[in-house]
Structures are given as C-alpha cells and as structure tokens.
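Structure, as structure tokens:
The values are calculated or read from the model by the stated rules, or taken from the named source; none is laboratory data. Just so it is clear, the structure is predicted and the values come from calculations on it, not from any experiment. Heads up, the Cβs are rebuilt from the backbone with ideal geometry, glycines too, and the neighbour counts pull from every protein chain shown. Accessible surface areas use protein heavy atoms only, side chains included; no ligands, DNA or RNA. Shrake-Rupley method; radii C 1.70, N 1.55, O 1.52, S 1.80 Å.
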Amino acid sequence: MQTLFSELTSTARRMETSRITGQVSSVRGLLLTATGLERAIGIGQRCRVLGASGPVLGEVVGVDGTGSHVLPFGTWDGVVAGDRVEISPIGESVRPQDGWVGRVVDALGRPLDGAGPLPEGREARSVRAAPPPAFDRRRVGARMETGIRAFDVFTPLCRGQRMGVFAGSGVGKSSLMGMLARNADADVIVVGLIGERGREVQDFIQTDLGPEGLARAVLVVSTGDEPPLMRRQAAWTAMAVAEHFREQGKQVLLLLDSITRFATAQREIGLSGGEPPTSRGYPPTVFSELPRLLERAGPGSEGQGDITALFTVLVEGSDMDEPVADTVRGITDGHIVLDRRIAERGRYPAVDLQRSISRMLPDCHGPDEYAILQSARRALARYADMEELIRIGAYRPGSDEETDAAIRLAEPVGDFLTQRKGEATPSSETFAELYRLLAEANIDVALPDGRGAAPPPARV
C-alpha cells in the first residue's frame, strides 16, 4: 500500500496544471524548431514533442525569429513537421531523499537498478541551482581520511575541498574512485558516471565500488550512447543530490567521472545551437558552465555539512594545458595527476607525487606530519631530477650524499604507496611508516620543536 501511495504521489506531482502547445516547423540533425511557444518558453526550459513513435522530451537551447530551437533527451525518430509540442517541467528538478542511498538512477532521477520506484522527498530541487554566495560558506574543514596512502600524505583532501584528478584513459581513475567510495570518511557518497561505457557500469558497481561502497552511495549514470543533454544532466543531477545531503548536515563525497565528458556534451549542445567554436572547438558556454557546476560543491553554511568533490579530467595526449584541463585546474583547490608511466611500473594508484598538489597544505597537516611530508618530497624530487642518469648508470654512488639518500628512499616509498583496491591504511600509520623509511635512508626530518630526527616509530 505504501509503495502504491508513493507512486500515486509521484504521478500527481508530475501532472500539468495547464497546457500550452506549439508545433514542429523543421528538424535538422539534432536541432528541432518549434513555433507557437516563443512567448511561453525560454532558454533551458523543457518541452515534449508528440511524435508518431511517442513523446520525446527536449530542452530549448535557442530562440530567434524562426521559433524555439530544441535538442532532444532521446532521438527525433518519427517526428515530422506539424507534430504538437507541449511545455513540460519533467527533468527540471529532482526530489532526493534518504531512500536514494544504495540506488542507481539515470540523469532524470529515474531508477535504473530494477529495485522498484524511488521514494521522493517533499521538496523539489532544481538541477541547475546557482552556487551558494561566497560569504554564506564556512571555511574548508579538517582533513578527510581516505585510507589511500599517497593521498593522505602528499595530496591531502579536506572536508569541503574540490580536487581535480587528471589522467589519460586506462590509468586507474575508476579504481581510484572505487577506493575512495569504500574507504573515505564520509556519510554519503554521490557518484556521477558521465558518458561512461555501457559495459563498464556494472564493472564499476560490482568490482570497483563493491557492496560496501554501494550501501552508502547514490549513483547517477548516463552512458556514452545517450544524447548530450542526458550526459550534461547527469552531472547536474548528481550535484543536486549531493546538495540535498549537504543541507541535512551530512559530510558528502562527490565523485564526478568525468568533467571532460560533461564539457564535450556541452560542446555538442552549443555547436548544435549555433554557437561559434572558440578554443579548440569548444564554444563559450563550456567555459561558463564549468564554474557554475564546480562552484556548487564545497562547504555549506553554518549548520550544514560539506560537499568534498573529486572531478576527473580525461587529459588527451597528457596535455595538461588543453582548455578543459586548464579551466578545471584554475577552479579547483588542487590537482592529482595520474601518470601512465607510473602505472606501467605496477604502482597503483599511479599518482605523480611531483606534479600533484593540494592547496590546503600546510594547514591540513599537523606540524610533525608536515615536516615528514617536506623531507619526503625533497628527497623524491631529488631522485626525479637524477632518475635518467641513475637508470643509464651515469651516476656514480657516493658522488652526492643527498642523491644517495634519495636513491635509498625511492624504491621503498614506491612499494609502500602501492595499494590494492581492498586496502586502507589510517593516516597515522601511513605517516609513521614514512617516517621510518626516511630514518632508514638516513634522511633527517626537521621536526618543528627542534627534536631533529628522533628514533623512528615502530614498524606498522
């Protein structure tokens, strides 16, 4: 009875109180032009085209003297000139609630997992909400425990921080997201899979995420075969769900994979709507939509929780200066670079420690922790500078004491930072083990109270 009542309530909420109609005048590729709605519907609003194959939901992306220009959330198959067009509010908002945790939904908030209808909250939440005002936000909070050793020491993630993860294809982004979803110290995990390969959705859910990760997660999925409006909407819907839980005072970890596919979807939408390509084929709206989306994450106001967000960026040809990567790097509070060469050596997660940085340092580490980090960074940077000479045998051991110490440290640290999907290490144990490795390599740690290199902690 309760399920039936929930379905009836959802249907009643979607019923339209009035009906204004127009008609199709032309269809060219993805772009449909409708007349008769110009005064009733604006940019970004939804309409429904009643074609021979059934209703097709669309969004207005442009208006001019010829009519309203509409892109589909499906396809225009079967639509002909003269078909009726109606205004429709479907997809402009979602109604998330606690019952969404553990579920998989599509970009419009409809269930995909076959587990029955979704419960709906009382409040409709716009998927295109504006970012919170800057002066209404709290500051970024304390460090979030992730259980990932390379993260917790070298690129710490704080509550309310936004981080970009930059990598090429096949370097381990999905596995990294699964590790975070299982181990991160958060109340709710919201995962947006944008433009994902269809066959990999179940792999991510069952292998990377696992039952323990899914039990506290909401997944919003739009596969790569879906229209660009659906792929863009998936990112908006995932953000709206995260905002709902933030307002409840919960700590939310938001994982969006990938922002590049969101930008690609917006590029297709913009070009179809007649925008000129500006930067490497991207129209201007791409670079206005990216900050509008990313700025919605972050700390909430007093009494609310935080959205700690990781946005993956698919870097084509390892070009960190391509337009989307450069824009995201300028918006986020740090960046993590996954390197294919490191992955090929068998170290996962394949984090490039020299090119990755968290802008929350040094505040999110304690004094002793930061001293350990600095000593390790200096030694590993020294090794990176001399690595080619060392590998070809051009460096003679004993020539430089600092380089010798860096060589002694590099391999043990690389082994220590390698983790399997199911592994998780508390940050206190990670710092203790790194301190021990520094001591074994005869590298001094200048602790802030002048203690110098104290005896290393016991092996963990």
field: Inter-label distance for GLU295 and ALA129, nm, one decimal - labels placed 7 Å from Cα along Cα-to-Cβ
entry: 1.6 nm
query: Which percent, nearest 5, of DSSP beta bridges in segment 93-358 are antiparallel?
result: 25 percent
task: With r as the distance between the Cβ atoms of ASP136 and ARG420 and R0 = 51 Å, compute the FRET efficiency 1/(1 + (r/R0)^6) and round to 0.05.
output: 0.80
Normalised contact order of the chain, rounded percent, pairs of Cα under 8 Å and 6 or more residues apart: 15 percent
- prompt: Over segment 93-358, what is the mean sequence separation of C-alpha contacts under 8 Å (at least six apart), divided by residue count, expressed as relative contact order in percent?
  reply: 27 percent
task: Pull up the DSSP beta bridges for the chain and report the antiparallel fraction as a percent, rounded to 5.
output: 55 percent
Approximate spin-label separation ARG84-ARG340, in nm, with each point projected 7 Å along Cα-to-Cβ: 5.4 nm
message: Quick check: pseudo-label points 7 Å beyond the Cα along Cα→Cβ at GLU92 and THR75, how many nm apart are they?
response: 2.9 nm
- line: segment 367-441: relative contact order from alpha carbon pairs under 8 Å, six or more residues apart, as a whole percent, is 42 percent
message: With equal scatterers on the alpha carbons only and no solvent term, can you work out the Debye log10 of I(q)/I(0) for the chain at 0.14 1/Å?
response: -1.32
Average accessible surface area per residue within the chain, 1.4 Å rolling probe, Å²: 44 Å²
message: What is the percent carbon and sulfur in the accessible area of the chain, measuring with a 1.4 Å probe over the protein chains and ignoring ligands?
response: 50 percent
message: If each residue of separation counts as 0.36 nm, what is the full-extension length gain between THR35 and LEU112 once their alpha-carbon separation is subtracted?
response: 24.3 nm
- prompt: Roughly how many whole Å is it from the C-alpha centroid of segment 267-325 to that of segment 215-229?
  reply: 17 Å
- request: Starting from 0 in steps of 10 Å, tell me what percent of the Cα-Cα pairs of segment 367-441 lands in each bin.
  value: 18, 47, 27, 9, 0
task: Using every Cα-Cα pair within segment 78-146, state what percent have a distance larger than 14 Å.
output: 74 percent
field: FRET efficiency, 1/(1 + (r/R0)^6) with R0 45 Å, evaluated for ILE390 and ARG216 via beta carbons
entry: 0.50
message: So, taking all protein chains as they sit and a 1.4 Å probe, how much accessible area belongs to TYR348, in Å² rounded to tens?
response: 100 Å²
query: To the nearest Å, what is the center-to-center distance of segment 92-130 and segment 344-382, using C-alpha atoms only?
result: 38 Å
query: What full-extension length gain, to one decimal in nm, is calculated for ARG197 and TYR370 as 0.36 nm per residue of separation minus the Cα-Cα distance?
result: 58.3 nm
query: How do GLU387, GLU440 rank by accessible surface area computed with a 1.4 Å probe, from largest to smallest?
result: GLU440, GLU387
statement: Sorted largest first, the C-alpha extents of segment 93-358 along its principal axes in whole angstrom are 48, 47, 43
Largest to smallest principal axis extent of the C-alpha atoms in segment 281-435, angstrom: 56, 43, 29
statement: Per residue convex hull volume, Cα only, segment 321-389, in Å³ is 115 Å³
